[in-house]
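A quick write-up on the structure given underneath.
Every number in this text was worked out from the coordinates using simple rules, so none of it is lab data. Remember, predicted model here, so these are calculated numbers, not experimental data. Glycine gets a Cβ as well: all are built from the backbone with ideal geometry, and neighbour counts include every protein chain shown.
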Amino acid sequence: MSAAPQLSIVIPVYNEELNLPVLFTRLYPVLDGLGRSYEILFTNDGSADRSIELLRARHAARPDVTRVIDFNANYGQHMAIMAAFERVRGDVIVTLDADLQNPPEEIPKLLAKIDAGHDYVGGFRLERQDSFFRTYASRLINLVREKTTSIEMTDQGCMLRAYRRPIIEAIVRSGAINTFIPALAYSFSGNPAEVGVKHEERHAGVSNYSFARLVRLNFDLITGFSIAPLQIFTLFALACAAGSFVLVLILAGRRIFIGPEEGGLFTLFGILFFLISVTMVGIGLIGEYVGRAYQVVRARQRYHVREILEAKP
Ligand code: UDP
Ligand code: MG
């Protein structure tokens, strides 16, 4: 293996034993046909199936271009990609899913844009092959991101992307606790571009993202890139406080000039409950930012690598 290949392919793998064989037979020919030196970094993200055995076999078969990072446990797709980013040797880095939703045959399209001088090329899925719910939920979250951050991206969920090395180095250096890699890369890019790529149905198995996991990921995206939610909330809280102040004045006036009344008791309760809920939302939001600061301060190792399979450079 040469010390610095031109191209590094990064693929996170979590329970993909049914997809890996097909991925191998489709990916390697595409890369061999590019006429560039390359390496492929697979991160086994604590798979419970035979993924690691398949990766081992692949490394044995193509030790010249195959590197395998083996996590001791499941740390999530983004950590798996980060671990590979910390170790890539190529000038251009391409990320891709292992389940063949991102067809390897589309890689040359991204590289063409990189060659045209862009430092970051994001793929967007031309015809998305996901469930109705997933597709519309992500349209909605795209819209929220557009309004709250300055990130311009057609399709934040597409992992088929290419980056020039300085972008990856910036991501690694930032050590960001927020791990929404496409958005992070965008913020470091000077000359981003987008290109439409095909999207296929998952070759086998089901998505590793449950509804709860998606919600958490997107919450991470919004709070990790802007403090707009906090500011909007503060404005809202101020408006509520002003409103209730006026209300208190009116109630006090009534009490003095008209006399005590019981009928308003429930209205008051309603208002009280409303205000309490507003407070709770605010505390939650603040907690999100405090938690983020805590994680950075704590600076705990974010993943643990059990083993790395690679030929010595
Ligand atoms: N993945 C991972 N760790 C996880 C979940 C997923 O490395 O905890 C990998 C998975 O093997 C695949 C990619 O991330 O290569 C995308 O996962 P998936 O297909 O489940 O997500 P979706 O396509 O539904 O967004
Ligand atoms: Mg998928």
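Find the centroid of the Cα atoms in segment 252-313 and in segment 1-58, then give the distance between the two in whole Å.
If we compute the Cα centre of each part, the gap is 42 Å.
Place +1 on the Cβ of every Lys and Arg and -1 on the Cβ of every Asp and Glu in the chain, take the dipole about the Cα centre, and give the residue among Ala212, Tyr303, Tyr136 whose Cα lies farthest towards its positive end.
Ranked along the dipole, the leading option is Tyr303.
If you place +1 on the Cβ of every Lys and Arg and -1 on the Cβ of every Asp and Glu, how big does the dipole about the Cα centre of segment 247-301 come out, in debye to the nearest 20? Show your work: numbers first, answer last.
Working: 5 positive and 3 negative charges, 75 e Å.
The dipole of segment 247-301 has a size of about 360 debye.
How about segment 223-313: which trypsin sites (Lys or Arg not before Pro) there are in a DSSP loop, with at most 14 other Cβ atoms within 10 Å of their Cβ? Mind showing how you got there, number by number?
Numbers: sites: Arg254, Arg255, Arg292, Arg298, Arg300, Arg302, Arg306; in loops: Arg300, Arg302.
Passing both the DSSP loop test and the Cβ count: Arg300.
Give me the Kirkwood hydrodynamic radius of the chain in Å, from all C-alpha pairs, to one decimal place? Don't skip to the answer; put the middle values down first.
On the way: mean 1/r = 0.0455 Å⁻¹.
It is 22.0 Å.
What ranking of Leu221, Leu249 emerges when the number of other C-beta atoms within 10 Å of each C-beta is taken as an exposure proxy, fewest first? Write down the numbers at each step before the final one.
Numbers: Leu221 23, Leu249 10.
Neighbour counts put them in this order, fewest first: Leu249, Leu221.
How many nm separate the modelled label positions at Ser207 and Gln129, each set 7 Å beyond the Cα in the direction of the Cβ?
1.5
What translational diffusion coefficient, to the nearest whole µm²/s, does segment 1-66 have by Stokes-Einstein, given a Kirkwood radius computed over alpha-carbon pairs, a temperature of 37 °C and 0.692 mPa s viscosity?
Working: Rh = 12.3 Å.
Once the numbers are plugged in, D ends up at 267 µm²/s.
Provide Arg145, Arg173, Arg36 in ascending order of the number of other Cβ atoms located within 10 Å of each residue's Cβ, fewest first. Please report the intermediate quantities before stating the final value.
Details: Arg145 21, Arg173 9, Arg36 14.
With the sparsest Cβ surroundings first, the list reads Arg173, Arg36, Arg145.
Using only the Cα atoms of segment 12-134, what semi-axes does the equivalent ellipsoid have when each is the square root of 5 times a gyration tensor eigenvalue? Give whole Å, largest first. Please report the intermediate quantities before stating the final value.
Numbers: eigenvalues 99, 71, 44 Å².
Ellipsoid semi-axes (Å, largest first): 22, 19, 15.
How much of the DSSP bridge set in the chain is antiparallel, in percent, rounded to the nearest 5? Intermediate results must be reported in sequence, preceding the final value.
Numbers: 11 of 33 bridges.
Antiparallel bridges: around 35 percent, rounded to the nearest 5.
Let's test the formula: R0 of 25 Å, r as the Cβ-Cβ distance of Arg50 and Lys312. What FRET efficiency results, to the nearest 0.05?
On the way: r = 27 Å, r/R0 = 1.08.
E between Arg50 and Lys312, to the nearest 0.05, is 0.40.
Plugging the Kirkwood radius over Cα pairs into Stokes-Einstein for segment 186-247, at a temperature of 20 °C and a viscosity of 1.002 mPa s, what D comes out in µm²/s?
Details: Rh = 16.3 Å.
D = 131 µm²/s.
Jot down the per residue volume, in cubic angstrom and as a whole number, of the convex hull over the alpha-carbon atoms of segment 141-287.
On the way: hull volume 24.3 nm³, N = 147.
Hull volume over Cα atoms, normalised by residue count, gives 165 Å³.
Given +1 on the Cβ of Lys and Arg, -1 on the Cβ of Asp and Glu, and no further charges, what dipole in debye does segment 180-228 carry about its Cα centre, rounded to the nearest 20?
Numbers: 4 positive and 4 negative charges, 28 e Å.
Charge dipole of segment 180-228: 140 debye, to the nearest 20.
So if we plug the beta-carbon distance of Met280 and Tyr136 into 1/(1 + (r/R0)^6) with R0 = 30 Å, what FRET efficiency do we get, rounded to 0.05?
Working: r = 28 Å, r/R0 = 0.94.
It comes to 0.60.
Let me know the Kirkwood hydrodynamic radius for segment 217-309, please, with Cα pairs as the basis and the value in Å to one decimal.
Details: mean 1/r = 0.0587 Å⁻¹.
Computed over Cα pairs of segment 217-309, the Kirkwood hydrodynamic radius comes out at 17.0 Å.
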